[in-house]
Amino acid sequence: MTDNELLQQAKQAMQHAYAPYSGYKVGAALLCADGSVYLGCNIENASYSLTSCAERTALFTAVAAGQRSFVSLAVVGGQDGDLRDFAYPCGACRQALSEFCGADFRVILGKDGGETKVTTLGELLPGAFKLVQEAE
Ligand SMILES: [Zn+2]
């Protein structure tokens with residue numbers, strides 16, 4: 001599974017985004033260690049705070065299916081699905097990912113024109129909150 005293949009799956013997932021309030025559509029594709037991929041889209045709600053992000057939708061779907069080991073996450077998003085800019089995971093999603101993923105977990109961002117950016121969870125969320133601190 002290449003980064004571009006994972007980004008393509010994230011774009012497919014974005015087609016299912018439910019964003020009638022903001023119009024900001026996001027898709028995510030989470031690659032598991034066993035090679036399987038779980039998709040997510042953002043799902044808004046009339047009670048705004050109940051909205052779920054694409055990244056957490058993908059993560060929670062994967063965990064609910066028994067997955068615990070993850071390799072990378074591709075994310076695309078934009079207003080009305082326009083991918084002119086990279087769509088970074090929000091702080092809540094970074095923290096949720098840190099429950100299962102280490103600092104070297106890859107986050108792949110894509111936008112129109114085929115431009116991609118690869119970063120890591122460690123770069124996006126240094127000093128992640130953990131109930132049990134790992135030895136450094
Ligand atoms: Zn989020």
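The values are calculated or read from the model by the stated rules, or taken from the named source; none is laboratory data. What you see is a predicted model, and the numbers here were worked out from it, not measured in a lab. When we count neighbours, we look across all protein chains shown, and the Cβ atoms used for this are built from the backbone with ideal geometry, even at glycine. SASA here: full protein model, heavy atoms, side chains in, ligands and nucleic acids out. Shrake-Rupley method; radii C 1.70, N 1.55, O 1.52, S 1.80 Å.
Brief remarks follow.
- Yes/no for Thr116 being of a type outside the set (Gly, Ala, Ser), away from the ligand (no atom under 16 Å from the Cβ) and either closer than 14 Å to Ala29 by Cβ or in contact with a Phe, Trp or Tyr (Cβ under 7 Å, 6 or more places away or on another chain) (or both): yes
- Cβ-Cβ contacts under 7 Å between residues 6 or more apart (or on different chains), taken from a first residue in segment 4-15 that is at positive phi to a second residue that is outside any helix (DSSP H, G or I) and surrounded by fewer than 22 Cβ atoms within 10 Å (Cβ to Cβ), are absent.
- Among the residues making up segment 113-136, those that are part of a helix (DSSP H, G or I) and modelled with pLDDT of 95 or more are Leu121, Gly122, Glu123, Leu124.
- So Ala33, is it touching a Cys at 6+ places or on another chain (Cβ under 7 Å) and within 21 Å of Ser98 (Cβ to Cβ): no
- Some residue of segment 41-60 being more than 25 Å from Phe129 (Cα to Cα) and acidic (Asp, Glu): yes
- Members of segment 119-130 found to be within 16 Å of the ligand (Cβ to nearest atom) and open to solvent by 60 Å² or more (accessible area, probe 1.4 Å), listed by number: Phe129
- Checking each residue in segment 37-95 for being among the β-branched types (Val, Ile, Thr) and under 21 Å from Gly122 (Cβ atoms) picks out Val63, Val71, Val75.
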